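This report refers to the structure that appears directly beneath it.
The values are calculated or read from the model by the stated rules, or taken from the named source; none is laboratory data. Because the structure is a prediction, the values reported are computed rather than measured. Ideal geometry is used to build each Cβ from the backbone, glycine not excepted, and the neighbour counts take in all protein chains shown.
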Amino acid sequence: MKKHLLPVTCCIFFSLSAHAQQPLPQYKPSHEQLLSRYKESALRDSLAKNSIFKTSVRPTWVKNSTGFIYTNILKDSMIEYVYVNTATGKKTKVFDNIKLADVLSKAVNEKVNAHNLWLKGFNMDSNANQLTFGYREKNYQYDIKTNTLNKVDSLPVDRLRRRHEFPDNHSFWENYSTGSVSPDEKYAAYIKDNNVFIQPVRDSTKAFQYTKDGTAEKPYGSLAWSPDSKYIIGYHITPVKDSNDYYVLSSVSGTTRGQLRSHPYKQPGDPFTSYEMFLYSVEKKATKKINTPISDFYEAPFLYWTKDNAHFYYEKIDRGHQRYRMIEVDVANGETKKYYR
């Protein structure tokens with residue numbers, strides 16, 4: 001009996017191997033199967049519908065003021081407009097929905113739902129009294145105090161400068177830096193031997209070394225100029241190389257052997273590359289550490305400068321997304337303020 005065991009086992013093995021090499025038939029679901037899948041998907045969507053609200057804030061800043069407007073989408077697509085005074089932290093409704101819907105109904109000659117006021121390009125004046133917006137291909141100006149509505153030819157185009165806003169399409173995984181040459185084209189900042197150097201563009205003999213403790217294991221980098229060319233923001237970086245995740249390709253054409261593959265992959269708890277923020281003064285040839293925690297999640301952050309270039313802002317999200325902060329940095333002393341938690 002033992003003599004016949006090996007040939008039988010080999011036959012089974014080669015039979016299975018030959019069967020494994022045969023291409024699988026293309027999956028073509030029936031009409032009934034497709035309907036079933038769509039019904040399952042609709043059921044999953046219905047579980048979240050009308051149950052998850054107020055998931056994000058996209059501010060529209062009011063010019064020459066400390067406030068902004070944002071919208072909340074509530075149950076049954078009800079929309080509310082909220083005004084926030086950042087100086088006091090107080091939130092109020094921008095307008096009375098019923099009053100605005102009433103005057104808007106008269107303007108468009110049809111009933112407007114007070115709970116579904118979808119206003120396009122809405123903006124508020126600096127006194128928070130008048131609102132401009134688009135509705136049904138027409139533009140309007142609404143006086144909140146007097147409840148009067150007037151048609152206007154166009155909406156205001158003098159909005160806050162884009163570089164002082166946080167764009168919707170910004171990715172935190174993008175490493176922020178600027179070109180080597182300063183905006184006024186007088187200086188060049190660069191990394192040499194893992195350290196920071198700044199020199200006049202036309203005189204390399206006057207290069208000044210700002211740091212000396214940069215190494216291959218912990219270099220400086222991600223340099224970014226201030227708009228007035230007086231400062232450079234840079235980081236002492238601790239790079240982290242991701243460990244590999246391994247998998248086997250089991251159905252490779254022309255062979256019965258699996259092939260081992262790998263790619264970098266972070267698992268929960270694995271460290272990220274960290275960035276310690278520093279400020280370099282061109283005029284004083286001085287280095288100052290910014291009084292802010294080391295960033296150990298995402299890349300070097302985007303920097304948004306105030307118009308007087310005395311401060312800049314950046315966003316910081318903790319790993320796990322439990323906390324979001326917008327941090328203001330005073331370039332005069334390197335101190336910071338945290339605005340949102």
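Identification of strands (runs of 3 or more DSSP E) wholly contained in the range 194-252 with 1 or more residues that are surrounded by 14 or more Cβ atoms within 10 Å (Cβ to Cβ) and touching a Lys or Arg at 6+ places or on another chain (Cβ under 7 Å) yields 195-200, 231-238. Selection within the range 262-297: residues that are among the basic types (Lys, Arg) and modelled with pLDDT of 90 or more. The member of this set that is farthest from Tyr187 (Cα to Cα) is Lys289. The set of residues in the range 253-270 that are of a type outside the set (Asp, Glu), assigned to a loop (DSSP other than H, G, I, E, B) and either loosely packed, with under 12 Cβ neighbours inside 10 Å or in contact with a helix residue (DSSP H, G or I) (Cβ under 7 Å, 6 or more places away or on another chain) (or both) comprises Ser253, Gly254, Thr255, Thr256, Arg257, Gln267, Pro268, Gly269. Of all residue pairs spaced 6 or more apart or on separate chains, those with beta-carbon atoms under 6 Å, a first member in the range 210-223 that is touching a residue at least 60 places away in the same chain (Cβ under 8 Å) and a second member that is surrounded by 10 or more Cβ atoms within 10 Å (Cβ to Cβ) and aromatic (Phe, Trp, Tyr) are Tyr210/Tyr280; Thr211/Tyr220; Ser222/Tyr235.
Of the strands (runs of 3 or more DSSP E) contained entirely in the range 107-156, not one carries at least 2 residues that are modelled with pLDDT of 85 or more, of a type in the set (A, V, I, L, M) and on the phi < 0 side of the Ramachandran plot.
Residue check: is His321 at pLDDT below 90, closer than 23 Å to Glu174 by Cα, of a type outside the set (D, E, K, R) and part of a strand (DSSP E or B)? No.
Checked against (1) closer than 30 Å to Ala207 by Cβ; (2) part of a strand (DSSP E or B); (3) out of contact with any Ser or Thr (no Cβ under 6 Å at 6 or more places or on another chain); (4) in contact (Cβ under 8 Å) with a residue 40 or more places away in the chain, Tyr314 passes all but a single condition, namely (4).
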